[in-house]
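Peer 1: Please read through the structure below; I'll follow up with questions.
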Amino acid sequence: MQTKLNVEGMSCSHCKNAVKQAILAINGVTDVVVDLSAKRVVVFHDETVTVDSIKVEIEKQGCNVV
């Protein structure tokens with residue numbers, strides 16, 4: 001499965017890496033692509049992963065899902 005989310009608040013490579021690592025820590029996530037310029041995160045995962053669980057991890061990093 002693939003989930004695309006628009007994310008506000010990512011402004012540097014540190015933010016990008018923090019968001020990516022937080023999402024990768026979710027069981028069932030296989031890959032994460034973070035595009036700073038597009039303000040988008042694409043998460044590849046199995047059916048056990050919910051959008052809400054992804055949002056929680058992004059928000060823990062100080063960013064907002066819009």
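Peer 1: Which of the residues belonging to the stretch 1-23 are surrounded by 14 or more Cβ atoms within 10 Å (Cβ to Cβ), more than 16 Å from V66 (Cβ to Cβ) and not basic (K, R)?
Peer 2: A18, A22, I23
Peer 1: Moving to a separate point now. Among the residues of the stretch 33-45, count how many are of a type in the set (V, I, T) and surrounded by fewer than 19 Cβ atoms within 10 Å (Cβ to Cβ).
Peer 2: If we filter the stretch 33-45 for residues that are of a type in the set (V, I, T), which is where we start, we get 33-34, 41-43.
Those left that are additionally surrounded by fewer than 19 Cβ atoms within 10 Å (Cβ to Cβ): 33, 42.
So the count comes out to 2.
Peer 1: Return only the number of the condition from (1) small (G, A, S); (2) buried (at least 16 other Cβ atoms within 10 Å of the Cβ); (3) touching a residue at least 40 places away in the same chain (Cβ under 8 Å) that G62 does not satisfy.
Peer 2: (2)
Read-outs: derived from the displayed coordinates by stated rules, not from any lab. Because the structure is predicted, anything quoted here is derived from the model rather than measured. Every residue, glycine among them, receives a Cβ derived from its backbone with ideal geometry; neighbour counts consider all protein chains shown.
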